[in-house]
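Below: the structure, in structure tokens.
The values are calculated or read from the model by the stated rules, or taken from the named source; none is laboratory data. In this text, all values refer to a predicted model and were calculated from it rather than measured experimentally. Quick note on the areas: whole protein, heavy atoms, side chains included, nothing else; ligands and nucleic acids left out. Shrake-Rupley method; radii C 1.70, N 1.55, O 1.52, S 1.80 Å.
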Amino acid sequence: MKKLFPTLLCMCVCTAFLSGCNGPRKNAADSIKALYELYILGNTDGIAALGMSEEDINNAKKTYDASLKETIRAKFSASGQEIEEEVLDELCAARKTALSKMQATAEVVSESSGKATVVVHTTFFDEFGLDADAFYAARETARQSSFPSLDEQQSFLMDVYTKNLIAAYQDVTPSEKTTDITVECVIQNNTWVPANMASFGSDLALAITGQN
């Protein structure tokens, strides 16, 4: 999941933001902060203030949630396991809880001729380490038990790993320091947007999960 999230985030950012906002132009930092709040914190106030309709906001959130679930489901399928819908919902909710603890500020560092450079300062958490610790702890638990078949061992391992991961997400503490990403912005539909949505989504996801 840690490697798939950057791609997932940039895809969701691309599908919703460009078509949804058509309100009064604010500064570039407001637009970037609004995107951060929508996809990282789950806060829709900023994006609504930019003119995105409630319907478009809900569609963007539904698209992201569905894509996240499919990403996690694919991860389990690649390991030969199926994840129950109830567990999947719990895992997604726990990850949202972790993300909602992040904080960020955004500032315009330069602006000229319809272009602007924004720097985002965000806290983060080590998702790579969190994911690895959850797996290795589950593997150690599995080693201390005996199983009638390899399939049952694998099923047990993935079940414990999932529980460990949910607990770890719920207990996430954001970093005390921040990491920065630089976003080049342009005006489109009377709104400041990242010039390269894919790059912005990937950079933001890597920063939030401690891989920047």
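Among the residues of segment 69-89, which ones are open to solvent by 60 Å² or more (accessible area, probe 1.4 Å) and closer than 16 Å to Phe135 by Cα?
Matches in segment 69-89: Ala78, Gly80.
Give the residue, chosen from Glu176, Glu184, Glu140, Glu152, that is assigned to a strand (DSSP E or B) and not β-branched (Val, Ile, Thr). Give the steps one after another, and end with the answer.
Working: Glu176 fails: assigned to a strand (DSSP E or B); Glu140 fails: assigned to a strand (DSSP E or B); Glu152 fails: assigned to a strand (DSSP E or B).
On inspection, the qualifying residue turns out to be Glu184.
Quickly run through segment 182-204 and pick out the residues that are open to solvent by 40 Å² or more (accessible area, probe 1.4 Å) and of a type in the set (Ser, Thr, Tyr).
Thr182, Ser199
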